[in-house]
Amino acid sequence: MKINNLEIKIFKDKAELYKEAANEVLEVIKKEKKPIISFATGGTPKPLYELLIKYYQQKIADFSNLTSFNLDEYLGVSEDNINSYSYYMYNNLFNHININPKNINLIKGDAKNIKREIKRYQKLLKKNKRHLQILGIGSDGHIAFNEPGTDPNLGVHIIKLDQQTINDNARFFDNDIEKVPKEAITMGISDILYSDRIILIATGKNKAAPILQMIRGSVNNLLPASHLRNHDNVCIYLDSEASNSLKL
Ligand code: PGA
């Protein structure tokens, strides 16, 4: 079904949701000679990455030609820090598939010269339009770390994390809010939209409110995910809980 330019898929069975999302990745890596995919981190895409690893082990998926990007990284956090998104990507996906390490593009959160690092990443993003962008959504409606109020025309930039995001992410930091980094480097919304196709996955009841606003509310900067409605090839993957408030 399509609502406000967004294709919506609702899954009673979460396993089915992730299977279909994984199929999107399989399609791109099969179809494109040099597939370019931008990945998300967080809890939501983990089952997707587990499936991709399984498909690689079963020789169903070949990632040898894949070029990857990632949405964001905590500022000041090094790649060997277990809480960095670089570490997450290697640990949850890259170490277990045959992607060429040379084709992995990540933001260096602890780069000495952050301005230069932002420029470097921005240039790569401009040169490499994505075939597929995988997204989650924050409980405050953020995509990547574009928090409410962010100018959608910004490119890669440094952002101060909202308290709600810090609270949400404390679960990855021994439930200690003090340990959560307060700033990040993130792709801008305009960078996210620079992809042939975008899939956003949302599961669980704390995503029901931002999902409702994204789909039914107006397109506005206070709900960053609502800007996805300006793209013509976006699919929203929802489980029953995340889709609950839509009352379809
Ligand atoms: P989550 O994060 O998958 O850990 O809920 C989503 C996001 O912040 O984009």
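Here are the numbers for the structure shown:
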{"item": "For the stretch 89-234: Kirkwood Rh in Å [reciprocal of mean 1/r, alpha carbons]", "result": "16.4 Å"}
{"item": "Stokes-Einstein diffusion coefficient of the stretch 186-232, Kirkwood radius over Cα pairs, 4 °C, 1.567 mPa s, in µm²/s", "result": "113 µm²/s"}
{"item": "Per-residue [θ]222 nm for the chain (sum of -39500 (n - 2.57) over DSSP H runs n ≥ 4, rounded to 500)", "result": "-9000 deg cm²/dmol"}
{"item": "³J(HN,Hα) computed for each position of the stretch 161-167 - Karplus, 6.51 cos²θ - 1.76 cosθ + 1.60, integer Hz, glycine/proline x", "result": "6, 5, 4, 4, 5, 4, 4"}
{"item": "3J(HN,Hα) from dihedral phi, the stretch 84-90, Karplus parametrisation 6.51/-1.76/1.60, rounded to Hz, x for glycine, proline", "result": "6, 6, 4, 4, 3, 5, 5"}
{"item": "The stretch 148-247, relative contact order [Cα under 8 Å, separation at least 6], %", "result": "33 percent"}
{"item": "At q = 0.14, 0.19, 0.25, 0.26 Å⁻¹, base-10 log of I(q)/I(0) for the stretch 62-142 (Debye sum, equal scatterers on each alpha carbon)", "result": "-0.52, -0.97, -1.40, -1.41"}
{"item": "Two-decimal log10 I(q)/I(0) for the chain, as the Debye equation yields it once each C-alpha is a single scatterer, q = 0.10, 0.14 Å⁻¹", "result": "-0.44, -0.91"}
{"item": "Among 81, 169, 131 the positive-end extreme of the charge dipole of the chain (Cβ point charges)", "result": "131"}
{"item": "Sorted by Cβ neighbour density within 10 Å, fewest at the top, the residues 69, 173, 39", "result": "173, 69, 39"}
{"item": "In Hz, Karplus ³J(HN,Hα) per residue of the stretch 135-150 (6.51, -1.76, 1.60; θ = phi - 60°; x = Gly, Pro)", "result": "10, x, 9, x, 5, 9, x, 6, 10, 6, 10, 7, 7, x, x, 5"}
{"item": "Contact order relative to length of the chain, as percent, for alpha carbon pairs under 8 angstrom and 6 or more apart", "result": "25 percent"}
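The numbers here are math on the coordinates, done by the rules we state, and not lab data. Because the structure is predicted, anything quoted here is derived from the model rather than measured. Glycine also receives a Cβ, built like all others from the backbone with ideal geometry; neighbour counts cover every protein chain displayed.
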